[in-house]
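First up is the structure itself, then whatever we jot down about it.
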Amino acid sequence: MNEERQILKDAAVKIVEDRIIEIGSKEELLASNPKASVVGSENFMLIPGLVNSHQHLTGDRLIQSCIPSSIED
């Protein structure tokens, strides 16, 4: 998806180390980066990273997280 929230087809993502640097058409990115390694195929779909942040804090975990470890008597 681009800045106008349009779904891109035949697009590519330029990644350097662990950062997304550029998103654009596959043709344009390959032309401007001829030595780039290509991962994937025409049958792939790229979606944003999905993180499961759902966690139940119950029982001992909840109690331990609320009690400082340096309580003085």
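The values are calculated or read from the model by the stated rules, or taken from the named source; none is laboratory data. All of these numbers come straight from a predicted model, not from anything done at the bench. Here the Cβ is made from the backbone with ideal geometry for all residues, glycine too, and neighbour counts use every protein chain on show.
Given the criteria in a loop (DSSP other than H, G, I, E, B) and at pLDDT below 80, does Glu42 qualify? Considered against the rule, which asks whether it is in a loop (DSSP other than H, G, I, E, B) and at pLDDT below 80, Glu42 comes out as yes. Listed by first and then second residue, the pairs with beta-carbon distance under 7 Å, at least 6 apart or on different chains, first residue in region 28-41 and of a type outside the set (Asp, Glu) and surrounded by 12 or more Cβ atoms within 10 Å (Cβ to Cβ), second assigned to a loop (DSSP other than H, G, I, E, B) and at pLDDT below 95, are Leu30/Ala36.
Which residues, taken from region 1-33, are of a type outside the set (A, V, I, L, M, F, W, C) and in a strand (DSSP E or B)? Steps first, please.
Kept after step one, since they are of a type outside the set (A, V, I, L, M, F, W, C), are these residues of region 1-33: 2-6, 9-10, 14, 17-19, 22, 24-28, 32-33.
Those that are of a type outside the set (A, V, I, L, M, F, W, C) and in a strand (DSSP E or B): Lys14, Arg19, Glu22, Gly24, Ser25.
Output the number of residues of region 13-27 satisfying the condition of being surrounded by 12 or more Cβ atoms within 10 Å (Cβ to Cβ) and free of Cβ contacts under 8 Å to residues at least 24 places away in the same chain.
Taking region 13-27 first, the residues surrounded by 12 or more Cβ atoms within 10 Å (Cβ to Cβ) are 13-15, 22-26.
Those left that are additionally free of Cβ contacts under 8 Å to residues at least 24 places away in the same chain: 14-15, 22-26.
Residues that pass the stated criteria total 7.
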